[in-house]
Amino acid sequence: MHPRTHVFLTAGTALLAAAVVPATVLPALAVPTGPLPAPPPTAEPSSAAFPSTAPSTAPSGAPSAARAPVRQGAAGPPAEGTASAAALLARAGECDRISDGLYRTRDDTPPTVAVCDTKGAVFWKADMDIDCDGQLTARCNHEADPYYQEQTAFTQSDGRHLNAEKLPYIVVPMTSSIWDHSSSGIHGGSVAAVIHANKVQYAVVGDIGPPGIIGEASHAAARGLGILTDPAGGGVPSGVTYIVFKHSQVSPLEDHDAAVRLGNELANKFLREN
């Protein structure tokens, strides 16, 4: 039983007992009518027994136990950042085309996607196909993905290929006459904000795809956006915006927490400057 509940019940029991005390002992409980005697002097309370509650005099930048940051993650995954999907989409509106031509989203679709230039980033609006290439996992393998390959264009710090089931990454097209991503400061490990259905997922550039096709991301990136992750029949046919920040670099490439921190910083800078 909670201690305070217990004390309350005990006091209630005492009052009930007082209510049934015989009349012969009531005079002893009567309130005196004369002046009350002065209470004896009491010692000053010990500061050890009652710690001071005065405000801390520590510098404003110093850590304080009362202001300790709340750690996220215990009750669910941490938020992907403070830049909203709506705000990012508003800045990635009108397209200043940097690509010399348009990309297809699949082999059998017409070229409709332009790569657009803006201050601090490039962006495009396309579909999302699921890339399951890289490390062999329970969900990324030859049986799940008929086009599965054990390699990714970029690797982890330990030399292993990326884990598409674990790491959110995007795929950029191979350099061609349409666009050379490296000329825009985009390389392996560059950070991107991927937006779909009012959600923002930070990712890194982790793989390179065919030269004329755009709109692909890893199993983990799709899962973070609530997109069906089946590499054979998942993804979405449209409605995905990819904002890739120029001259950014996540190291090690597989550190998603670092990608979120850097991505959030660059996304807010993108909002301020565009």
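Couple of notes before you dig in:
- Counting only protein heavy atoms and a probe of 1.4 Å, the accessible surface of the stretch 89-156 is 44% carbon and sulfur.
- Whole-Hz ³J(HN,Hα) from phi, Karplus 6.51 cos²θ - 1.76 cosθ + 1.60, for the stretch 123-128, glycine and proline x: 8, 8, 10, 8, 8, 9
- Exposure of L102 as accessible area (Å², to 10), given a probe of 1.4 Å and all protein chains: 60
- Computed on protein heavy atoms with a 1.4 Å probe, the accessible areas place C95, C116 in the order C95, C116, largest first.
- Considering only beta bridges that DSSP places wholly inside the stretch 143-272, some 70 percent are antiparallel.
- Taking amide H as placed 1.01 Å from N in the peptide plane, the amide H of S99 sits under 5 Å from that of V115, each at least 5 places away or on another chain.
- Accessible heavy-atom area order of H247, H161, H187, H181, highest first, probe of 1.4 Å: H247, H187, H161, H181
- Per-residue 3J(HN,Hα) values for the stretch 257-272, derived from phi via the Karplus relation 6.51 cos²θ - 1.76 cosθ + 1.60 with θ = phi - 60°, read 4, 5, 5, 5, 4, 5, x, 5, 4, 6, 5, 5, 5, 4, 5, 6 Hz in sequence order (x marks Gly and Pro).
- Listed values for the stretch 157-163 are Karplus-derived 3J(HN,Hα) couplings in whole Hz (6.51 cos²θ - 1.76 cosθ + 1.60, θ = phi - 60°), namely 5, 8, x, 7, 6, 5, 9, and x replaces Gly and Pro.
The values are calculated or read from the model by the stated rules, or taken from the named source; none is laboratory data. Here the structure is a predicted model, which means the values were calculated and not measured. Surface areas here come from the heavy atoms of the whole protein model, side chains and all, with no ligands, DNA or RNA. Shrake-Rupley method; radii C 1.70, N 1.55, O 1.52, S 1.80 Å.
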